[in-house]
Amino acid sequence: MALPLEDIELIRQLKYAYCRCIDTAGFDELETLFTEDASVRYEGGSYLFEAQGRDKIMEALRYAFHSEAIALHHVNHPEITVTSATEATGTWYLKDWFLDLRNKIITDGSSLYRDTYVKRDGRWLIQRATYSRIFEIVTPFTETPNITAHLLAKTGMKLPAQ
């Protein structure tokens, strides 16, 4: 079944908005990109995170992309496959970078996202988002980098004092 080009573009925009919202702590918008029954499974070299339900996903993402972090999520090379008029799957190449000022580590990696999308009330939404690492490099640091811009410091959740 061929998916109209407009729907392909809307799915691309959905995934791009997902990345932008994570990196900027745009959680109110991010919440609107998931179905209520969404699920995620993110498998890194040093972690495995799974959550069922939009509320649990959002709680975890708010905690992960906090004011003491800097994040970059860049997806490209979408392979979108239609399974029905209201369902699609997508595979995306992810390049990500994450600096955790609290734990003094930098994570640099790449993954393949494998997602499931549904169209509800004329909008494409993420029903399932998964990734598994192609590579992951975790590097501790002792000296804080010279950060000259840091959006999550303003928009991310403030973590409790240690």
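The figures follow:
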quantity: Of residues in region 101-127 being within 14 Å of the chain's Cα centre (by Cα) and among the hydrophobic types (A, V, I, L, M, F, W, C), the one least open to solvent (accessible area, probe 1.4 Å); calculated: ILE126
quantity: Per-region count, region 11-34, residues part of a helix (DSSP H, G or I) and in contact with a Lys or Arg (Cβ under 8 Å, 6 or more places away or on another chain); calculated: 2
quantity: Subset of region 52-63 (residues that are within 17 Å of CYS19 (Cα to Cα) and either free of Cβ contacts under 8 Å to residues at least 60 places away in the same chain or acidic (Asp, Glu) (or both)); calculated: ARG54, ILE57, MET58, GLU59, ALA60, LEU61
quantity: Identity of the residue in region 27-76, among the charged types (D, E, K, R) and touching a strand residue (DSSP E or B) at 6+ places or on another chain (Cβ under 6 Å), that ends up least open to solvent (accessible area, probe 1.4 Å); calculated: ARG54
quantity: Filter result (out of contact with any His (no Cβ under 7 Å at 6 or more places or on another chain) and part of a loop (DSSP other than H, G, I, E, B)) within region 108-157; calculated: ASP121, GLY122, PHE141, THR142, GLU143, THR144, PRO145, ASN146, ILE147, THR148, ALA149, HIS150
quantity: Residues satisfying the stated conditions in region 24-51, i.e. farther than 15 Å from ARG62 by Cα, of a type in the set (Phe, Trp, Tyr) and at pLDDT 95 or above; calculated: TYR42
quantity: Residue within region 87-95 that is open to solvent by 40 Å² or more (accessible area, probe 1.4 Å) and either touching a Leu at 6+ places or on another chain (Cβ under 7 Å) or among the basic types (Lys, Arg) (or both) present; calculated: yes
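Here is a yes/no grid of residues against (1) free of Cβ contacts under 8 Å to residues at least 60 places away in the same chain; (2) charged (D, E, K, R):
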position	(1), (2)
TYR16	yes, no
ARG20	yes, yes
PHE34	no, no
ALA38	no, no
GLY44	no, no
PHE65	no, no
ALA69	no, no
HIS77	yes, no
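The values are calculated or read from the model by the stated rules, or taken from the named source; none is laboratory data. All figures in this text were calculated on a predicted structure; none of them were measured in a lab. Positions of Cβ are backbone-derived with ideal geometry, glycine not excepted, and every protein chain shown enters the neighbour counts. In case anyone asks, the SASA skips ligands and DNA or RNA and just uses the protein heavy atoms, side chains included. Shrake-Rupley method; radii C 1.70, N 1.55, O 1.52, S 1.80 Å.
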